[in-house]
């Protein structure tokens, strides 16, 4: 019996970091860049908003208020490096390079490797560099250049950061910065701040309710002093520094093709589906990397002839706690890249 399968992972976030949608990008738009002997700073808005998620719009507003040169319409590492290289050939030398791109702990960055490539993960970036798909940066930076990623949780993935650093390193080695926390732009009390995320999961459309979820948060984070019930019920910044929450779904689709319809397994009930999924090395590997328990997904199957389609969907409830100033609890901690508690540095 031969089985052919494909795996599709889709992640949609409501706030902060989400998957890019397929769209033909417009030509890169930018504020005029004046080439001088002084170092310049630039920010790449490497994505676009969908629905009511205004992450990129708020980031644009924030950086425009800082007076930093802004570039839209470049959604891949290849395009960004080519842009920097071109400006470097014309005499530009960048002090700070900001890259705003959604990111998440499950599927990596929404920034792509190349214009028509895949979103950046450790594996896709390693493959792209191995195949020489990422251009070599020849100008525009030096050993003092700071490349700052505004990508939620990217600082937790040091292996990926090291690979990113390699893509920007040639005769000189810029310093790479990324935070393990969530980046929030356009907040009620600050234009940009960082917040610590906490997670709970449940099968989509099968919420156990705020009381039970509060118990799960307390069990998962016993040393964290947060009123979980209130945070779960709070969807926006209510008061300065108060935790709040948002939800998003992670759907997983598998499709298996068998030689005959008689070979297609008859999986009846959630337990049978989970047993079959857990016994498949390929599926078990994917779920292991996502690090979300099997029972936290809502499982469904569909059979069409010789095809078996398995769909799982989990809802992630994320509580965000803004990082506050140590000396003044009425102020958010300023997101400075030289703050070792806020940013990872390579």
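The values are calculated or read from the model by the stated rules, or taken from the named source; none is laboratory data. Since this is a predicted model, take the numbers as computed values, not measurements. Cβ atoms come from the backbone with ideal geometry, glycine included; neighbour counts cover every protein chain shown.
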| Restricting segment 132-156 to residues that are under 24 Å from the mean Cα position of the chain (by Cα) and in a loop (DSSP other than H, G, I, E, B), the residue that is nearest to residue 63 (Cα to Cα) | 151
| message | Step by step: first the residues of segment 55-74, then only those that are touching a strand residue (DSSP E or B) at 6+ places or on another chain (Cβ under 8 Å) and in a loop (DSSP other than H, G, I, E, B), then the one that is modelled with the highest pLDDT. Which residue is that? | response | 74
| said: Looking at (1) over 23 Å from residue 178 (Cβ atoms); (2) surrounded by fewer than 19 Cβ atoms within 10 Å (Cβ to Cβ), which one does residue 336 not meet, given that it meets all the others? | reply: (1)
| said: Which numbered condition in (1) modelled with pLDDT under 90; (2) closer than 30 Å to residue 185 by Cβ; (3) outside any helix (DSSP H, G or I) is the only one that residue 266 fails? | reply: (2)
| Boolean, residue 128 is surrounded by fewer than 20 Cβ atoms within 10 Å (Cβ to Cβ), out of contact with any strand residue (DSSP E or B) (no Cβ under 8 Å at 6 or more places or on another chain) and either modelled with pLDDT under 95 or within 28 Å of residue 250 (Cβ to Cβ) (or both) | no
| Would a scan of segment 166-179 turn up a residue that is surrounded by 15 or more Cβ atoms within 10 Å (Cβ to Cβ) and closer than 30 Å to residue 311 by Cβ? | no
| request: Check residue 165 against each of (1) under 15 Å from the mean Cα position of the chain (by Cα); (2) not in a loop (DSSP other than H, G, I, E, B) and name the one condition it does not meet. | output: (1)
| query | Which is assigned to a strand (DSSP E or B), surrounded by fewer than 17 Cβ atoms within 10 Å (Cβ to Cβ) and touching a strand residue (DSSP E or B) at 6+ places or on another chain (Cβ under 8 Å), of 300, 311? | reply | 300
| query | What number of residues in segment 258-283 are buried (at least 16 other Cβ atoms within 10 Å of the Cβ) and more than 20 Å from residue 298 (Cα to Cα)? | reply | 2
| query | Within segment 90-106, is even one residue over 23 Å from residue 185 (Cα atoms) and surrounded by fewer than 17 Cβ atoms within 10 Å (Cβ to Cβ)? | reply | yes
